[in-house]
Amino acid sequence: MSEEGLSIYHFVEKRAVEKPDGQAVIAGGRTLTCRQLDEQSRDFAAGLLECGLEPGDRTVLMVTPSTDFMVVTFGLLRMGAIPIFIDPGMGWKNLGRCLEEAEPEAFIGIPRAQLGRKLFGWARQSLRHSVTVTRLPWWPGKTHLQVARKGRRRASEFQASRWSETAAIAFTSGSTGTPKGVVYTHRMFSAQARLLQGSFGIEPGEVDLATFPLFGLFDPAMKVTTVFPNMDYSRPGSVDPKQIFETIRQYSVTHLFGSPALLRRVGPYAREGRIQTPTIRRVLSAGAPVPRDVIETVKAFLPAHSEVFTPYGATEALPVTSISGTELLSEDGPERGLGVCVGKPLEGVNAATIAVTDDPVSEWGDGLALPPGEIGEIVVWGDNVSESYFRRPDADRLGKIVGPQGRVRHRMGDLGYFDSKGRIWFCGRKSHRVQTPHGVLYSVNCEEIFNAHPAVFRSALVGVGRAPRQRPVICVELEAGHRKEDPRKLIEEILRVGSSHLQTSRIDAVLFHPSFPVDVRHNSKIFREKLALWAEEQLR
């Protein structure tokens, strides 16, 4: 089988042959070599078959980032089960809804997840198997170590996965609506790994600090060592910077992905301590627009030859575009309300914009694509793009367009436009546009104008009332050093900033919020729907 036809798991096998003693995963003081990751995941896969799991069984995976996480995940992929990835921080209600929708046959989780499953009765009707990832010998029920021991005694043959088959189901974070299960095929996984490696020049033998755990699953395909730092993965915005830099130094990390919230923590810490990271070649940040000051503080602790990149994408399509920090800092678009430049589509990824509508678009046709400069909804397609949601025909109708040769195109739900250089400028979520009697306002374009005020940590545009007669309101979270200043004076200054731009000149309401509600996955996406309800109450 050619490398282009390999599933993600087969790269674990290849790596075990090519470099058996190489470091595959490092976490919590434990290290797995490439051979050990292959052997242990194979044992776990065989043990699952021995316990009655079958290829195609949907399996909820709620395991903290660790060597066990990698063993269990690749074990599931090896025996053909379909892991279901759900953010536990999305809340009990959303968790229960996702599990009810997924109807999993198996549940693999740490003890706390198992207690939650029993307490709330998650997937009680569909579950047939349960495995707890623990090293406590007295824990009731099957543990992952017991399953692996069963597999060690069994000589198992595994059926090769087809590229078009479902490899996993990854639920969106729910930061912009109800969480949805995104269907990942083996083709999609492999295409994403190739794009990440090729687009950012990631070389075999590098060391990845995986502050976003699912990105670690791409590392074996890129022949890269995965390091899971000691942190609370549900709160990247509260990470201990000292731990991050000690881990970078200890393992000579070359590659780092960090959400904007995480980088906002580590950048100032490095500046104050005059910390440098000579081994890091690149930093990637995504999940929300990355503020310019964050890019500047990160570039300050990197070697001169290293770079910050801000790839754009989503759970359904990753990555789509990318732009370097150097290029981004050279643009003055944000302060002028032009949106945020996210760069050109990567090689092999196609993108276009279509007229903004909340209605389905069933088929792609001539004339749908908008010309450069006109704001529309971003549509993408390619091998790295998911073609469907799991058991969500309503979401497929609203989010997918059938193109030529039956290839499905994905509506990102994001608004933006192409500039004359072929780059995409991001203007915010479609659901976050504010429709006023005087026209449509786009969240990111307006917010970047107000964010230029030195007292503003971040802002959020929300609409109060019903479209198309919404009242635009700018919610503001102040910088810590400005929270005791006269609020009336600050409001006057902030409105003055807005009045100097045509698109924000009619905004006449500013509300100060103590701490914006944000997503768990990146701590960066603002829950504007919640802020809109709060703003409506404040203005009554």
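The values are calculated or read from the model by the stated rules, or taken from the named source; none is laboratory data. Only a predicted model underlies this, so the values are computations on that prediction, with no experimental measurement involved. Note: ideal-geometry Cβ built from the backbone for every residue, glycine included; neighbour counts use all protein chains shown. The protein model used for the area step is the full one, side chains on, heavy atoms only, and it has no ligands, DNA or RNA in it. Shrake-Rupley method; radii C 1.70, N 1.55, O 1.52, S 1.80 Å.
Pairs only if they're at least six apart or on different chains, beta carbon under 9 angstrom, first in the range 516-540 and closer than 12 Å to Arg235 by Cα, second open to solvent by 30 Å² or more (accessible area, probe 1.4 Å) and not in a loop (DSSP other than H, G, I, E, B); list them, first residue then second.
Asp519/Gly89; Val520/Pro88; Val520/Gly89; Arg521/Gly89; Asn523/Ser238; Ser524/Arg264; Ser524/Val518
For residues that are crowded, with 20+ Cβ neighbours inside 10 Å and of a type outside the set (S, T, N, Q), scanning just the range 496-510, find the one that is farthest from Gly258 (Cα to Cα). Full working, then the answer.
Applying the first criterion (crowded, with 20+ Cβ neighbours inside 10 Å) to the range 496-510 yields 498, 504, 507, 510.
After this cut, where a residue has to be of a type outside the set (S, T, N, Q) as well, the list is 498, 507, 510.
On the way: Gly498: 31, Ile507: 34, Val510: 31 Å.
Among residues in the range 496-510 that are crowded, with 20+ Cβ neighbours inside 10 Å and of a type outside the set (S, T, N, Q), the one farthest from Gly258 (Cα to Cα) is Ile507.
Are any residues in the range 230-243 free of Cβ contacts under 8 Å to residues at least 40 places away in the same chain and buried (at least 24 other Cβ atoms within 10 Å of the Cβ), and if so, which ones?
Correct list: Val239 only.
Determine the pairs where a residue that is assigned to a strand (DSSP E or B), located within the range 367-384, has a partner that is of a type in the set (S, T, N, Q) and crowded, with 17+ Cβ neighbours inside 10 Å with Cβ atoms under 6 Å apart, the partner being 6 or more residues away or on another chain.
Hits for this filter: Gly376/Thr353; Ile378/Thr353.
Looking only at the range 208-223, filter to residues that are charged (D, E, K, R) and not in a helix (DSSP H, G or I); which one of those is most open to solvent (accessible area, probe 1.4 Å)? Walk me through how you get there before you give the answer.
Taking the range 208-223 first, the residues charged (D, E, K, R) are 208, 219, 223.
Narrowing the set further to residues that are not in a helix (DSSP H, G or I) leaves 208, 223.
Details: Asp208: 6, Lys223: 61 Å².
Within the range 208-223, the match that is most open to solvent (accessible area, probe 1.4 Å) is Lys223.
Conditions: (1) open to solvent by 20 Å² or more (accessible area, probe 1.4 Å); (2) more than 29 Å from Gly382 (Cα to Cα). Arg194 meets all but one. Number of the miss?
Only one criterion in (1) open to solvent by 20 Å² or more (accessible area, probe 1.4 Å); (2) more than 29 Å from Gly382 (Cα to Cα) is unmet by Arg194, namely (2).
For the range 56-103, give me the residue count where each residue is part of a helix (DSSP H, G or I), under 23 Å from Ser524 (Cα atoms) and open to solvent by 10 Å² or more (accessible area, probe 1.4 Å). Let's see the steps before the verdict.
Restricting attention to the range 56-103, the residues satisfying the condition of being part of a helix (DSSP H, G or I) are 67-79, 88-90, 92-102.
From what is left, the residues that are under 23 Å from Ser524 (Cα atoms) are 88-90, 92-95, 98.
After this cut, where a residue has to be open to solvent by 10 Å² or more (accessible area, probe 1.4 Å) as well, the list is 88-90, 92-94.
Qualifying residue count for the region: 6.
Given the conditions (1) among the small types (Gly, Ala, Ser); (2) surrounded by fewer than 20 Cβ atoms within 10 Å (Cβ to Cβ); (3) at pLDDT 95 or above; (4) more than 30 Å from Val60 (Cβ to Cβ), and given that Ser431 satisfies all but one, which numbered condition is not satisfied?
(4)
So how many residues does the range 267-291 have that are within 22 Å of the chain's Cα centre (by Cα) and open to solvent by 60 Å² or more (accessible area, probe 1.4 Å)?
Looking only at the range 267-291, we keep the residues that are within 22 Å of the chain's Cα centre (by Cα), and these are 267, 280-291.
From what's left, open to solvent by 60 Å² or more (accessible area, probe 1.4 Å): 281.
Summing the residues that are within 22 Å of the chain's Cα centre (by Cα) and open to solvent by 60 Å² or more (accessible area, probe 1.4 Å) in the range 267-291 gives 1.
Give the range 507-533 a look and list any residue that's modelled with pLDDT of 95 or more, touching a strand residue (DSSP E or B) at 6+ places or on another chain (Cβ under 7 Å) and in a loop (DSSP other than H, G, I, E, B), or say none.
Ile507, Ala509, His513, Ser515, Phe516
Given the residues Arg117, Arg112, Arg154, Arg187, which is the only one that is in a helix (DSSP H, G or I), over 18 Å from the mean Cα position of the chain (by Cα) and in contact (Cβ under 8 Å) with a residue 60 or more places away in the chain? Quick ask: steps written out before the conclusion?
Details: Arg117 fails: in contact (Cβ under 8 Å) with a residue 60 or more places away in the chain; Arg112 fails: in contact (Cβ under 8 Å) with a residue 60 or more places away in the chain; Arg154 fails: in a helix (DSSP H, G or I).
After applying the criteria, what remains is Arg187.
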